[in-house]
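I have placed the structure first, in the form of structure tokens, so that the comments after it can refer back to it.
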Amino acid sequence: MGIKKNNDINLSVNLSVNLGKVSLINPLITASGTCGYVDELDDFLDINQLGAFITKSITIKPRLGNDVPRIVETDSGMLNAIGLANIGVEKFIQEKVPMMERYKTPFFVNIAGQTIDEYLAVADKLSQCRRIAGLELNISCPNVKQGGITFGTDPALVRQITTEVKKVVRDKILVVKLTPSVTDISAIARAAVECGADALSLVNTFTAMVIDIETQKPVLANRTGGLSGPAIKPIAVYLVNKVYNEVAKPAGVPIIGGGGIRTASDAIEFIIAGATAVTIGTGGFINPDCAVKIIQGIKDYLRRQNITAVAELIGSLK
Amino acid sequence: MTDSPPKKGVFNATVLMNRSLGDKFCRLTLELEKKANIPFSHASAGQFIEIDISKLALPAEKLIPQHLSDSAQRDIILRRPFSFADIDCNNDTTVVEILYCVLGPATLRMKTLKIGDSVNFIGPLGNGFKIPENRKLALLVAGGMGAPPLIHLAKVLKKQCPDTELIAFVGAKALAGLAFFDIETSKLKKETDIALGEFSRLNIKTFISTDDGSAGVKGFVSESFKNWLTKNKPDDKDTIVYACGPEAMLSATAAISSQFKLPCQVSLERRMACGTGLCQSCAVKCRDKANGNTIYKLCCKDGPVFWSDEVVWE
Ligand SMILES: Cc1cc2nc3c(=O)[nH]c(=O)nc-3n(C[C@H](O)[C@H](O)[C@H](O)COP(=O)(O)OP(=O)(O)OC[C@H]3O[C@@H](n4cnc5c(N)ncnc54)[C@H](O)[C@@H]3O)c2cc1C
Ligand SMILES: Cc1cc2nc3c(=O)[nH]c(=O)nc-3n(C[C@H](O)[C@H](O)[C@H](O)COP(=O)(O)O)c2cc1C
Ligand code: FES
């Protein structure tokens, strides 16, 4: 790809990208657990301007979540241990899925569970909803006692869960969301891709702890939490690039990249590293409308670089 | 997409004043940009805003209190929640008052805001105090930093319910902790019913208590509230209680109110990441009135004001 440096403010740029057979008008996606179920962002931005929307993790039964404190701020980041608090799949399908009709945006539903059967039951119910474009398999939540991250750290379990869920998702896209808290993330990514993952999502939060030195106790009721925000961005960029080179590119599977994105240049770094689409999580708490500003920033960058399509930028790291 | 005008949003404001009240407290007066006028003309006492403090500098080193010199070095990324102490919507101009206590890296940075500076915030957020009709008596119970939303509520009640009598119970650790009420604390006399600036201007009878007895009676504000109820036995159908302050004080106030069968609304605080119902970090354990089950509500979205009998106090 020949990148010419030549400002052309009138250059028409194409921001669309494809996640398998789902096409997005641009690469910006809301990260699971940071943007609600469907319409919670309405007062801040037009959801139709987003490439896609990923919901909060949904489980088979409603979950109350952990005791408080559930979050604590750190330098350039935050820890959370929400504990997958959610309304459960029945209520989600009854109350939230119909709301999706109001938008043109593709919706991906993030699913979680404590056993493979729970994942399967949720996936099966959601796969019957016409409006849902795909499922994001959360095998990487650090904040629940069983399941979650233990699935995501064992390649054999990742194979099993991906294979089984793939059988029930029918025509939906299956995204597998990886935890960064492993020795070799590519081994996990490979397991998911070989068993039918249509896309990979990385990274989830890093397991971490903050201690209150006055009480000598952890600040979070759950003791540990997941680190997100700008603090994790350079590690996330590195991991996206590693998985892109070692697994995703050879297999032709797209990556949804994220971790600490706040600005257009952050998002562009992820795309250059190999991400087809990017997620905004913690950055949206700081500026609820930052996704919209990032879309504009990517356009400006492409014009400045004289690149006509964002797709050309994916994995362009030299 | 909804067609109704947004109820909340991200806005800018200009600092009109940022003045110290004693050594730990400050009053920040903000004029909001015009497009915030409509959402804020409907805002109620007890709602709050989330201020972006991440771009503010620290005060000069010699102005940083010794006990904060270490934690002051921490960076801020998350916005911080603050209640309104007043909202004034007049001729197309909205002026909001914030009373804040300097506790850590964010509130320390806020002290450097100067007249004319720009502040970015999200709001108005949450649900404020509900004002039921036909209450002859409203009892305000404020502990420590809990004063700001009750100062706002008192002003609103005076305007909306001129026939309702207001009585305030105000507590703090010590005399200096009463500075939110705009008083010359050095001039405060040791009497039980001296008026505090903010409340005396509104003619609200006020009972003060401090943990160390340095102003008003010695003891907790919940005790002085209870003593008053025991003596005066207000009619439960005519009376309502509003409380804001530390959780232990709210829990005591809730228990006393229920003992006297008085309806009571409390304003709670939680650590918040988003303030807008997105992250579920601000959970408040509640009882589902329909079936008695334990549920979590969100402080930022369902609250911060709750009926005291729906909260599970621990
Ligand atoms: C709905 C709501 C309304 C509020 N209104 C006001 C107001 O009108 N005026 C005002 O001064 N403050 C108010 N606060 C509290 C204010 O947001 C915090 O004091 C502020 O965020 C502290 O930030 P910091 O970085 O200076 O200190 P930090 O370092 O974050 O905190 C300093 C100390 O305060 C404690 N703390 C911080 N936040 C909270 C909290 N939410 N609940 C309990 N303890 C906490 C910390 O544990 C620490 O010990 C409100 C909070 C909420 C949730
Ligand atoms: C408060 C909070 C809640 C989250 N909840 C979920 C969740 O339910 N499921 C999930 O897969 N990821 C969850 N995440 C992880 C995010 O989707 C994202 O992967 C991570 O925060 C890194 O991105 P960021 O730095 O942009 O926030 C959560 C993150 C935060 C901060
Ligand atoms: S602070 Fe995020 S949901 Fe309340």
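None of the figures in this text is laboratory data; all of them are computed from the coordinates on show. Computed from a predicted model, the values in this text were never measured in an experiment. Don't worry about glycine lacking a Cβ; one is built from the backbone with ideal geometry, like all the others, and counts go over all protein chains shown.
Spacing of the modelled spin labels on A:THR163 and B:THR93, each 7 Å from Cα toward Cβ, amounts to 7.2 nm. Entry note, segment B:64-138: relative contact order of 25 percent, from Cα contacts under 8 Å with a spacing of 6+ residues. Backbone amide hydrogens, once placed in the peptide plane, bring B:GLN265 within less than 5 Å of B:VAL241, B:TYR242, B:ALA243, B:SER308, excluding anything fewer than 5 places away on its chain. Grab the other residues whose beta carbon is less than 13 angstrom from that of B:PHE220, score K and R as +1, D and E as -1, and report the net. Local charge sum for B:PHE220: 0.
If you average the sequence gap of Cα pairs under 8 Å that are 6 or more apart and divide by the length of chain B, what percent do you get for the contact order? Contact order relative to length: 17 percent. Here A:ASN10 and A:CYS129 are evaluated by their C-beta separation; at R0 = 35 Å the FRET efficiency comes out at 0.25. Just check segment B:9-125 against the gyration tensor rule for me: Cα atoms, a ≥ b ≥ c as the square roots of the eigenvalues, rounded for a/c under 1.5, and otherwise prolate or oblate depending on whether a/b exceeds b/c. In terms of gyration-tensor shape, prolate. Using θ = phi - 60° in the Karplus curve 6.51 cos²θ - 1.76 cosθ + 1.60, the 3J(HN,Hα) couplings for segment B:20-35 round to 6, 10, x, 8, 10, 10, 9, 10, 10, 10, 10, 9, 7, 5, 4, 6 Hz; x is entered for Gly and Pro. For segment A:61-74, putting each phi into the Karplus relation 6.51 cos²θ - 1.76 cosθ + 1.60 with θ = phi - 60° gives couplings of 10, x, 10, 6, x, 7, 5, 8, x, 9, 9, 8, 7, 10 Hz, in residue order, rounded to whole numbers and with x for Gly and Pro. The mean number of partner chain beta-carbon atoms within 10 angstrom of a residue's beta-carbon across peptide A:60-69 is 3. Here the Karplus relation 6.51 cos²θ - 1.76 cosθ + 1.60, evaluated at θ = phi - 60°, turns the backbone of segment B:109-123 into coupling constants of 5, 4, 4, 7, 5, 10, 3, x, 5, 9, 10, 9, 8, 10, x Hz, with x for every Gly and Pro. Of the trypsin sites (Lys or Arg not before Pro) found in segment A:72-161, the ones in coil according to DSSP and having at most 16 other Cβ atoms within 10 Å of their Cβ are A:LYS104, A:ARG130, A:ARG131, A:LYS145. All Cα-Cα distances of segment A:211-318, cut into 5 Å bins from zero to the largest, leave 2, 12, 19, 19, 16, 12, 7, 5, 4, 2, 1, 0 percent in each bin in turn.
Rounded, prolate or oblate, given the Cα gyration tensor of the protein assembly as shown, with a/c below 1.5 counting as rounded? Prolate.
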